[in-house]
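Enquirer: Before anything else, here's the structure in question.
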Amino acid sequence: MAREPRGKSRGRGRDEQDSEFTDKLVGINRVAKVVKGGRRFGFAALVVVGDQKGRVGFGKGKAREVPEAIRKATDEAKKRMIRVPLRDGRTLHHDVRGRHGAGKVLLRAAPPGTGIIAGGPMRAVFETVGMQDVVAKSLGSSNPYNMVRATFDALKKECSPRMVANRRGMKTSEIAARRRDASEMSENKGS
């Protein structure tokens, strides 16, 4: 398992390829505990793990050494994975807001070719989940932990037409037809 740093300070943006999962190191914090003989340093790592096919998870790990903290965070992330429904395997089905503490995020579906327009911690989540087109804005805290948790809150609220159809007892084609009708009406209103 080879790790390749991307050139940012303190290992941010680090990728690791596992058998089926991609890991992204979002951030590392160094903390010091003052004891009789001096300072004792510890490290806390925040890692996002995904299969680039709609499954993603995040975890945090603390240890005296950086590699051990990253390993713990990766293990936790693999245990806490969620499935995100993607439209055409590349973007969201609808716009959604997420929140955790003071961290607020807005995620918007985007047309093909847009790319990932998002800040650092959110970008790591979208890359590992396998999204190619999305526009995201962080409206609150810039703390990576809160941003990642708010992004996951938003992704948990994401629903596909199939999920909505099952909940309402309808057919998926009826839901898709309503989406087309609504988009045509909004286009006619604009012209």
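All of the numbers you see were taken from the coordinates with simple rules; none came from a lab. Note that the structure is predicted; figures quoted are calculated from it, not measured. Quick reminder, even Gly has a Cβ in these numbers, built from the backbone with ideal geometry, and neighbours come from all protein chains shown.
Enquirer: For the stretch 87-116, which positions are of a type in the set (A, V, I, L, M, F, W, C) and free of Cβ contacts under 8 Å to residues at least 60 places away in the same chain? Write out each step before concluding.
Expert: Narrowing the stretch 87-116 to residues of a type in the set (A, V, I, L, M, F, W, C): 92, 96, 102, 105-107, 109-110, 116.
Those that are of a type in the set (A, V, I, L, M, F, W, C) and free of Cβ contacts under 8 Å to residues at least 60 places away in the same chain: Ala102, Val105, Leu106, Leu107, Ala109, Ala110, Ile116.
Enquirer: Does any residue of the stretch 69-83 turn out to be in contact with a strand residue (DSSP E or B) (Cβ under 8 Å, 6 or more places away or on another chain), in contact (Cβ under 8 Å) with a residue 12 or more places away in the chain and over 21 Å from Leu25 (Cα atoms)? It would help to see each step written out before you state the result.
Expert: We begin by selecting, within the stretch 69-83, every residue in contact with a strand residue (DSSP E or B) (Cβ under 8 Å, 6 or more places away or on another chain); these are 69-83.
Then keep just the ones that are in contact (Cβ under 8 Å) with a residue 12 or more places away in the chain; that gives 69-70, 72-83.
Filter again for over 21 Å from Leu25 (Cα atoms), leaving none.
Checked against the condition, which is being in contact with a strand residue (DSSP E or B) (Cβ under 8 Å, 6 or more places away or on another chain), in contact (Cβ under 8 Å) with a residue 12 or more places away in the chain and over 21 Å from Leu25 (Cα atoms), the stretch 69-83 yields no hits at all.
Enquirer: Where the second residue is surrounded by fewer than 20 Cβ atoms within 10 Å (Cβ to Cβ) and the first is among the polar types (S, T, N, Q) and lies in the stretch 132-151, which pairs have Cβ atoms under 6 Å and are six or more apart or on separate chains?
Expert: Going by the 6 Å Cβ cut-off, the qualifying pairs are Gln132/Arg90; Ser138/Gly119; Ser141/Ala102; Asn146/Gly101.
Enquirer: Only one of Lys171, Lys157 is of a type in the set (Lys, Arg) and within 16 Å of the chain's Cα centre (by Cα). Can you tell me which? Write out each step before concluding.
Expert: Details: Lys171 fails: within 16 Å of the chain's Cα centre (by Cα).
One residue alone meets the criteria, Lys157.
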